[in-house]
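The values are calculated or read from the model by the stated rules, or taken from the named source; none is laboratory data. Here the structure is a predicted model, which means the values were calculated and not measured. In this analysis, Cβ positions are derived from the backbone assuming ideal geometry, glycine residues included, and neighbour counts consider all displayed protein chains. Accessible surface is based on the protein model in full, side chains and every heavy atom, while ligands, DNA and RNA are left aside. Shrake-Rupley method; radii C 1.70, N 1.55, O 1.52, S 1.80 Å.
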Amino acid sequence: MSELIQSPMMDMSRSLSGQVVTTKFDKILGWARKYSLFQYPFVTACCGMEYMATACSHYDIDRFGAAFARFSPRQADVIWVVGTISHKIAPVLKTIYDQTADPKWVVSFGACASCGGPYDNYATVQGIDTIIPVDVYIAGCPPRPEAVLDGLLKLQDLIQNQKHDW
Amino acid sequence: MSKFPEHIAIEKSHPTAVLDWHDRFGDRTLIVDGKQIVDVITLLRDSFGYNMLVDLTAVDYFPRRPRFEVVYHFLNVDSHARLRVKVQLEESHPHIASIISLYPIADWLEREAWDMFGIKFDGHTNMKRLLLYESFEGHPLRKDYPKTKRQPLIGPQN
């Protein structure tokens, strides 16, 4: 008979066992957001081929929850800046960034986007971080798909551990 | 090395047009007086079947005088014959007659030469920059344009 008399607390913990986890809200939001990244590919040059290779079935970026390329900044979470950015197109990139709804992240894909690459001349922006903030840089000219996926994982890591607005 | 038929024909009708010529490495080249360029190219197109303007570009030989060269590459699509025509231009106000009336494709090529080298093509009705933006000052493929000089539309200056 004494076994049937239990405190309400004990009762609750037993009935919820295996059904509830406790965490921080930032962590759960980061977990959700990092696995549902809608991408805006801002593709201007040959790095685009590596982006396509990564996105297609052989390397399959969908495994990481980042399958959906949206060609509208309103519907995108991540801007992939893929290729050489000239001074002529720089204002367009800035507009795209401004139009992207929060939360948003920027990946600089390859040497040109990161620092101008081999082009040190009148035409080329020496790194997109002179125009917009960048979260992850991917090295390479162009980067192999493995490097791209590594960059994506680093971005996911960043999203998981950052502070979120909610 | 002997004169090729195009050269002989031009000399017959325009004795002062050809200033120099060569066929080094199999690339037959005529250096032509700029004032007679439209006549010469008309003759090449109509009498020798050079029906395709493959390329029109310019070269800056700074500090040589004359400083600029405009280069035309022609192809006879039927016989696969190729011919290169060059015109030398002085540094102050480099200009030459447009050949849009002969080859419509010259429109963008001449605009590119204006954009990059600042060579004016007389008779071109839309002589504005092709690749760069309107606010860009100077012509970046000129040898005296500083290599690292940038004119960004947004972001930090240089």
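Points to keep in mind about this one:
- Solvent-accessible area buried by A and B, counting both chains, probe 1.4 angstrom, square angstrom: 1200 Å²
- For region A:1-141, Kirkwood radius (reciprocal of mean inverse C-alpha pair distance, Å): 17.6 Å
- Residue by residue along A:91-101, Cβ atoms of other protein chains within 10 Å of the local Cβ number 1 on average.
- Straight-line cross-link partners of A:Lys104 among the lysines, defined as a Cα under 20 Å from its Cα and at least 8 positions apart when in the same chain: A:Lys27, A:Lys34, A:Lys94, A:Lys154, A:Lys163.
- For chain A, the mean residue ellipticity at 222 nm estimated from helices alone is -10500 deg cm²/dmol, where every DSSP H run of n ≥ 4 contributes -39500 (n - 2.57) and the total is divided by all residues, rounded to the nearest 500.
- Proximal aspartates and glutamates relative to A:Lys88, as straight alpha-carbon distance under 20 Å, when same-chain residues fewer than 8 apart are discounted: A:Asp98, A:Asp120, A:Asp129, B:Glu112, B:Asp115, B:Glu134, B:Glu137
- Percent accessible area from carbon and sulfur atoms, region B:54-158, protein chains only, probe 1.4 Å: 54 percent
- If R0 is 30 Å, the Cβ-Cβ spacing of A:Asn121 and A:Arg70 corresponds to a FRET efficiency of close to 0.35.
- Total lysine pairs under 18 Å (Cα atoms) in chain B, excluding pairs fewer than 8 apart on one chain: 8
- The smallest convex shape that holds all Cα atoms of region A:68-129, its convex hull, gives 73 Å³ per residue.
- Take A:67-78, A:99-110 and order them by the average number of nearby Cβ atoms within 10 Å per residue, most first; the result is A:99-110, A:67-78.
- 1.4 Å probe accessible area per residue over region A:39-160, in Å²: 43 Å²
- Here is the list for region B:1-95: chymotrypsin sites (Phe, Trp or Tyr not before Pro) lying in DSSP coil, each with at most 16 other C-beta atoms within 10 angstrom of its C-beta, are B:Tyr61.
- Cα centroid separation, region B:89-158 to region B:1-71 (Å): 22 Å
- Dipole of region B:5-122 [Lys/Arg +1, Asp/Glu -1 at C-beta], most positive-end residue of B:His80, B:His93, B:Val18: B:Val18
- Overall, chain B carries a charge dipole of about 460 debye about its Cα centre when +1 sits on the Cβ of Lys and Arg and -1 on the Cβ of Asp and Glu, all other atoms neutral.
- Taking the convex hull of Cα positions in the protein assembly as shown, its mean projected area over all directions (nm²): 25.0 nm²
- Trypsin sites (Lys or Arg not before Pro) within region B:1-100, DSSP loop, no more than 15 other Cβ atoms inside 10 Å: B:Lys3, B:Arg64
- Chain B: angle of helix B:37-48 to the longest principal axis, Cα-based, in degrees nearest 10: 50 degrees
- Formal net charge of residues neighbouring B:Asn126 (Cβ-Cβ distance under 15 Å; K, R +1; D, E -1): -2
- Farthest toward positive dipole pole in region A:39-160 [+1 Lys/Arg, -1 Asp/Glu at C-beta], among A:Gly48, A:His87, A:Trp105: A:His87
- Cα-centre dipole for region A:40-115 with unit charges at Cβ (Lys and Arg positive, Asp and Glu negative), debye to 20: 220 debye
- Heavy-atom accessible surface of region B:5-122, averaged per residue, reaches 49 Å², computed with a 1.4 Å probe.
- Computed with every protein chain present, the accessible area of B:Glu90 is close to 100 Å² [probe 1.4 Å].
- Rounded to the nearest 500, the helix-only mean residue ellipticity at 222 nm of chain B stands at -6500 deg cm²/dmol, with each DSSP H run of n ≥ 4 adding -39,500 (n - 2.57).
- Solvent-free Debye scattering, log10 I(q)/I(0), computed from the Cα coordinates of chain B at q = 0.11 Å⁻¹: -0.47
- Ordering B:Ile31, A:Cys115, B:Tyr103 by Cα displacement along the dipole of the protein assembly as shown toward the positive end leaves A:Cys115 in first place; charges were set at the Cβ atoms of Lys, Arg (+1) and Asp, Glu (-1).
- Across chain B, the relative contact order, built from alpha-carbon pairs under 8 Å that are at least six residues apart, equals 17 percent.
- Accessible area of region A:41-137 belonging to carbon and sulfur atoms, whole % at 1.4 Å probe: 56 percent
- Region B:1-62: proportion of alpha-carbon pairs further apart than 13 angstrom, %: 67 percent
- Among the trypsin sites (Lys or Arg not before Pro) in region A:11-61, those located in a DSSP loop and surrounded by at most 10 other Cβ atoms within 10 Å of their own Cβ are A:Lys24.
- Cα Rg, Dmax, region B:66-158, angstrom units: 15.6, 54
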